[in-house]
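Written out below as structure tokens is the structure these notes cover.
The values are calculated or read from the model by the stated rules, or taken from the named source; none is laboratory data. All figures in this text were calculated on a predicted structure; none of them were measured in a lab. Neighbour counts are summed over all protein chains in view; Cβ atoms, including those assigned to glycine, are modelled from backbone coordinates with ideal geometry. Surface areas here come from the heavy atoms of the whole protein model, side chains and all, with no ligands, DNA or RNA. Shrake-Rupley method; radii C 1.70, N 1.55, O 1.52, S 1.80 Å.
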Amino acid sequence: MKTAGTAKVRKALGDYLKALKTEFTMGMILPTKAMATQELTVKRKLSETTLQIQASSPVALGVRIPTVALHMTELFDTAIEQLYRIFTVKDLVQKFSKSPAVLEAEKGRKFQMFDGNITGEYVELLTNKKIVMKWRCRNWPEEHYAIVALNFVPSLGQTELQLDCKGVPVCEEENMKFCWQKQHFEEIQGLLQLITLNG
């Protein structure tokens, strides 16, 4: 009894744990970082009937994060055409960022600046007027992008650059302002001075 009983109890417990694990994980959907666009089908037998749940519409997965909008302006002593080129020509982007860049300034094309710390996609380009981009910093939550709009406005022989940025994570607001001021505006001012001196 002791030997045979122990084997039967172990087998029964093993079957019970297996059934418990199967029932617990049935229908479990693990999170992904992308949109769930594929059809999901979950089948489960309930007293000899099959229950089917189908979802064919895209379902956004993820967590909503609090965001802020930024507005900054900077005046540059250059023509609109020159300032626009600094944001759309790879060699000029590399000069002001002092790092490799990958970009093709066309709608739908992706870009990468500051050694991959900034990535995104061009959404709209109106030559010498406006650039709109999906924009993200490497340390932001995955798949989270801000929308950055650069408006180029003529101002008595100068160009005013108006930056509007929506969707910046609240915890990154000050860092984003600092980066635009120091790594973009001030570096571009320096590049423009070099171009003027060498020009």
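The GluC sites (Glu not before Pro) of the range 108-142 that meet both conditions, a loop assignment by DSSP and at most 12 other Cβ atoms within 10 Å of the site Cβ, are E142.
Around the Cα centre of the range 67-198, unit charges on the Cβ atoms of Lys, Arg, Asp and Glu (plus for the first two, minus for the last two) sum to a dipole of about 240 debye. Each of W180, Y145, T88 was placed along the dipole of the range 67-198 (beta-carbon charges, centred on the mean Cα), and the one lying farthest toward the positive end is T88. Candidates A101, T73, G167 compared by Cα position along the dipole of the range 67-198: farthest toward the positive end lies A101, with charges placed on Cβ.
Across the range 67-198, C-alpha contacts under 8 Å between residues 6 or more apart give a mean separation that, scaled by the residue count, equals a relative contact order of 29 percent. Between T196 and E121, the modelled labels are 3.9 nm apart [label points 7 Å from Cα along Cα→Cβ]. Taking all protein chains as shown and a probe of 1.4 angstrom, Y16 keeps an accessible surface of around 140 Å². Near the amide H of R109, within less than 5 Å, lie the amide hydrogens of Y122, all on another chain or at least 5 residues away, with H placed in the peptide plane. Our estimate of slack between Q158 and S99, defined as 0.36 nm per intervening residue step minus the Cα-Cα distance, is 18.5 nm. Counting only protein heavy atoms and using a 1.4 Å probe, the accessible area of M72 comes to about 30 Å². Calculated FRET efficiency, E81 to E142, Cβ-Cβ distance, R0 = 35 Å: about 0.40 to the nearest 0.05.
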